[in-house]
1. Given the criterion closer than 29 Å to Q99 by Cα and not basic (K, R), identify the matching residue among G32, G66.
2. Output the residue which, of all residues in region 54-77 that are closer than 25 Å to F221 by Cβ and among the hydrophobic types (A, V, I, L, M, F, W, C), is most open to solvent (accessible area, probe 1.4 Å).
3. Is one or more of the residues making up region 217-224 β-branched (V, I, T), open to solvent by 20 Å² or more (accessible area, probe 1.4 Å) and closer than 18 Å to K249 by Cβ?
4. Considering region 181-195 alone, what residues qualify as being out of contact with any helix residue (DSSP H, G or I) (no Cβ under 7 Å at 6 or more places or on another chain) and not β-branched (V, I, T)?
5. Could you identify the single residue in S116, S106 that is open to solvent by 60 Å² or more (accessible area, probe 1.4 Å), more than 18 Å from the chain's Cα centre (by Cα), of a type in the set (S, T, Y) and under 26 Å from N129 (Cβ atoms)?
6. I'd like the full set of residues that are among the aliphatic types (A, V, I, L, M) and under 17 Å from A61 (Cβ atoms), limited to region 166-203.
7. In region 227-241, what count of residues is obtained for those that are open to solvent by less than 30 Å² (accessible area, probe 1.4 Å) and without any contact (Cβ under 8 Å) to a residue 60 or more places away in the chain?
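The values are calculated or read from the model by the stated rules, or taken from the named source; none is laboratory data. Because the structure is predicted, anything quoted here is derived from the model rather than measured. Here Cβ is always computed from backbone atoms with ideal geometry, including for glycine, and neighbour counts include all displayed protein chains. Ligands, DNA and RNA are excluded from the accessible area calculation, which covers all protein heavy atoms including side chains. Shrake-Rupley method; radii C 1.70, N 1.55, O 1.52, S 1.80 Å.
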Amino acid sequence: MIKHKLAAQLYTLRNELKQDFPSVLRELKKMGWAAVQIDGLHGNPAKDIAAVMKEIGLQTAGMHVGLERLKNDMDAVLEEARLFDTKDLICHSLPDGLQNPEGYASVRRDLLQAASKVNGMGYRVGYHNHDFEFHTTIDGKFALSYLLEDPAIYAEIDTYWVKKADQDPLSFIQNYAFRMPILHLKDITADERKYFAEIGTGSIDFAPILKWGLQNGVEWFAVEQDYCPGNPMDSLALSYDNLLKLEKKLIH
């Protein structure tokens, strides 16, 4: 059952969370989501948000954490991870100044250092991609492949950004069997805009991606939509419903 592995990435609802974080969590739980992925707390104490999640039975599918925090604020990050009962600490993006061969080399060193800090403590350090990591090659491979070369860094591949970079999401994720606890599901419009779309409304075929994930160690399928045409809750509801429909196809 994929229903128990579906998580909503909270970046999708960043504006709503600023108004009333607990209400958004309750609405997501009511919609059927098993988990959320934390992406900033918008001024709320971690213990308060964690308490609401515990009360309503919403799990945590990892935390998105900035590179600077992984480098310089690890104690506080680990305290948040403990409160949210998650072991995945994922670097969510990079500043423009690091998107070059020298920058990627330093980022890889920083991620490996963060991973070594938490080694043996049960935590995992990961990296979430965009399309810019496909615009640079290092040693004949994409910068993303270079960043994820060492198995100490876990992959969190985003299907939209892989497709936006004109790569095949299914082929690319197959490089990270049992090294990708969280997979980001995001669709892309079939037109020349290549814009964000609800799952099942764009050009990505998610059935084989889900099937592969279930067989290769994916613990959470996190749905994120950076920009939505209307109410982000409606977009998440459509993606959620379409994923459950897809699951029926996988079973039959």
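1. Checking each option against the conditions leaves just G66.
2. Going through the qualifying residues, I end up with I56.
3. No, region 217-224 contains no residue that is β-branched (V, I, T), open to solvent by 20 Å² or more (accessible area, probe 1.4 Å) and closer than 18 Å to K249 by Cβ.
4. Of everything in region 181-195, those that are out of contact with any helix residue (DSSP H, G or I) (no Cβ under 7 Å at 6 or more places or on another chain) and not β-branched (V, I, T) turn out to be P181, A190, D191, E192, R193, Y195.
5. Exactly one of S116, S106 is open to solvent by 60 Å² or more (accessible area, probe 1.4 Å), more than 18 Å from the chain's Cα centre (by Cα), of a type in the set (S, T, Y) and under 26 Å from N129 (Cβ atoms), namely S116.
6. Taking region 166-203 and keeping what is among the aliphatic types (A, V, I, L, M), we get 170, 173, 177, 180, 182-183, 185, 188, 190, 197, 199.
Of everything in region 166-203, those that are among the aliphatic types (A, V, I, L, M) and under 17 Å from A61 (Cβ atoms) turn out to be I173, M180, I182, L183, L185, I199.
7. Adding up the residues that qualify gives 1.
Results for (1) under 30 Å from G57 (Cα atoms); (2) polar (S, T, N, Q), shown as yes or no for each residue.
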site	(1), (2)
M74	yes, no
F84	yes, no
S93	yes, yes
G103	no, no
R109	no, no
Y123	yes, no
G126	yes, no
